[in-house]
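Q: Sharing a structure with you now.
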Amino acid sequence: MIRAVLFDLDGVLTDTERLHWTAYRRVLLDFGVDMDIEEYRRWFIARGIGPEYTCKTYRLPVAPDELRALKAPVYRTLLEEGVRPMPGAREALARLAPSHRLALATNTARVEVDLILGQLGLASFLRPTITREDYVRAKPAPDAYLAAVAALGLAAAECAVVEDTERGAAAALAAGIPVVAVPNDLTFDNDFTGCACRLASLDELTAELLGRLA
């Protein structure tokens, strides 16, 4: 029986992937690199090795972690200007809250998560919130989801994960948790092999559907 639903953040609950791209693009322009959204989504979203790829491909005079550090304040400024939820996100949380425990497991830093959830008024739905500081290895390693399951005090089989990327799905599957894939326009061609189901939008995420995963 599925008792809890673990949500990813970027691209699942919040429309923030393009803000990440905009932040990296602004930083990279200072190095003479203009990265379009197609290149970004292939390396940063789907594969999760964007900074490593970018530093090597364009021979940047900074290391991947330095590139991440340069991007962080630009991204936070964009967040402060306003964040939008993904279509159906608030409604899905409200719909599932009476029947399931809801949690967040993300590669995003705590300060950014708090800012985003505070702006959108979603924090009260999600307990616990597992952020990048709470585990060792980022997705596609299973650490984030293992930390969430442990915090909930449940077995992996009692949880379901909602993800929009292949690396996020791989993280959940490696943790032994069934995955509901809800890709968006930036992740529609990701490989969701092994996922329990694929939905067109969060509007299709219901307690009845979760009951069929058990």
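The values are calculated or read from the model by the stated rules, or taken from the named source; none is laboratory data. Keep in mind the model is a prediction, meaning the values are calculated, not measured. Backbone-built Cβ (ideal geometry, glycine too); neighbour counts: all protein chains shown.
Quick grid of which residues meet (1) in the same structural domain as residue 191 (by TED's automatic domain parsing); (2) out of contact with any strand residue (DSSP E or B) (no Cβ under 8 Å at 6 or more places or on another chain); (3) within 20 Å of residue 165 (Cα to Cα):
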{"position": "41", "(1), (2), (3)": "no, yes, yes"}
{"position": "59", "(1), (2), (3)": "no, yes, no"}
{"position": "71", "(1), (2), (3)": "no, yes, no"}
{"position": "104", "(1), (2), (3)": "yes, no, yes"}
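Q: Still on this structure, please answer the following. What is the one condition in (1) out of contact with any helix residue (DSSP H, G or I) (no Cβ under 6 Å at 6 or more places or on another chain); (2) part of a helix (DSSP H, G or I); (3) closer than 22 Å to residue 1 by Cα that residue 90 does not satisfy?
A: If we test residue 90 against (1) out of contact with any helix residue (DSSP H, G or I) (no Cβ under 6 Å at 6 or more places or on another chain); (2) part of a helix (DSSP H, G or I); (3) closer than 22 Å to residue 1 by Cα, just (3) comes out false.
Q: Tally up the residues in segment 1-33 that are touching a Leu at 6+ places or on another chain (Cβ under 7 Å), over 22 Å from residue 148 (Cβ atoms) and either acidic (Asp, Glu) or part of a loop (DSSP other than H, G, I, E, B) (or both), please.
A: Selection size over segment 1-33: 1.
Q: Suppose we filter 97, 150 for residues that are under 16 Å from residue 177 (Cβ atoms) and over 18 Å from the mean Cα position of the chain (by Cα); which single one remains?
A: When all the criteria are applied, what remains is 150.
Q: Here is a further query. Which count do you get for residues in segment 25-47 that are of a type outside the set (Gly, Ala, Ser) and either closer than 30 Å to residue 100 by Cα or within 17 Å of the chain's Cα centre (by Cα) (or both)?
A: Matching residues across segment 25-47 total 7.
Q: When segment 36-78 is examined, which residues are found to be basic (Lys, Arg), within 20 Å of residue 16 (Cβ to Cβ) and in a helix (DSSP H, G or I)?
A: Correct list: 41, 42, 68, 71, 76.
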